[in-house]
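Report on the structure given below.
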Amino acid sequence: MENRTTVLYVDDNPKSSRLLTSVLEECGFRVMAKNDPGEALALCRKGYFDLALLDYEMPAMPGSKLAQEIKFLAPDIPVVLISSRSTLPSSELVFVDAHFGFGTALDDLLWTMRILVQPKLARMPDQRAVQRAMTQWTDST
């Protein structure tokens, strides 16, 4: 039985998708990559995953809207939004557990993904707790 974290990764850019999928798999994640938000939602309805990793800027449906749809279908699944923007309006992050924008280190993304998929009893309750943990981790290094 495979005991890897399963990530639903949605990015409309096939090159970016292939690159990050390869990196995530090398880091021990199992990745289900989709280039179309509609296909990703169909997969959400019939499959299981531990975390959703979404691109923010997609023409068919923005990542923030896809996050909302995923949370409607699976409220306990953590959602991480990645974008080329360093900040996003808070209204775009309502259904997002973590956002990583321009200048983010890959290690920070991977660390947060691992924290968010910890067993439910150990999972951090909200974004502020994740930020506190990240700050403590950064201060300790």
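Side notes on the structure shown:
- The listed residue being out of contact with any strand residue (DSSP E or B) (no Cβ under 9 Å at 6 or more places or on another chain), assigned to a helix (DSSP H, G or I), over 17 Å from T104 (Cβ atoms) and not basic (K, R), out of E39, E69, E25: E69
- For D55, the conditions (1) out of contact with any Gly (no Cβ under 7 Å at 6 or more places or on another chain); (2) within 23 Å of S86 (Cβ to Cβ); (3) at pLDDT 95 or above all hold with the exception of (1).
- Taking the criterion of being touching a helix residue (DSSP H, G or I) at 6+ places or on another chain (Cβ under 8 Å), of a type in the set (G, A, S), surrounded by fewer than 19 Cβ atoms within 10 Å (Cβ to Cβ) and over 15 Å from V7 (Cα atoms), the only residue of region 34-78 that qualifies is A60.
- Enumeration of residues in region 42-66 that are under 19 Å from T104 (Cα atoms) and assigned to a helix (DSSP H, G or I): G63, S64
- Test: K34 is modelled with pLDDT of 95 or more, farther than 21 Å from R18 by Cα and of a type in the set (D, E, K, R): no
- Restricting attention to region 1-31, the residues being buried (at least 21 other Cβ atoms within 10 Å of the Cβ) and either acidic (D, E) or modelled with pLDDT under 95 (or both) number 1.
The values are calculated or read from the model by the stated rules, or taken from the named source; none is laboratory data. Fair warning: this is a prediction, and the values are worked out from it, not measured in the lab. Neighbour counts run over all protein chains shown; Cβ positions are idealised from the backbone, glycine included.
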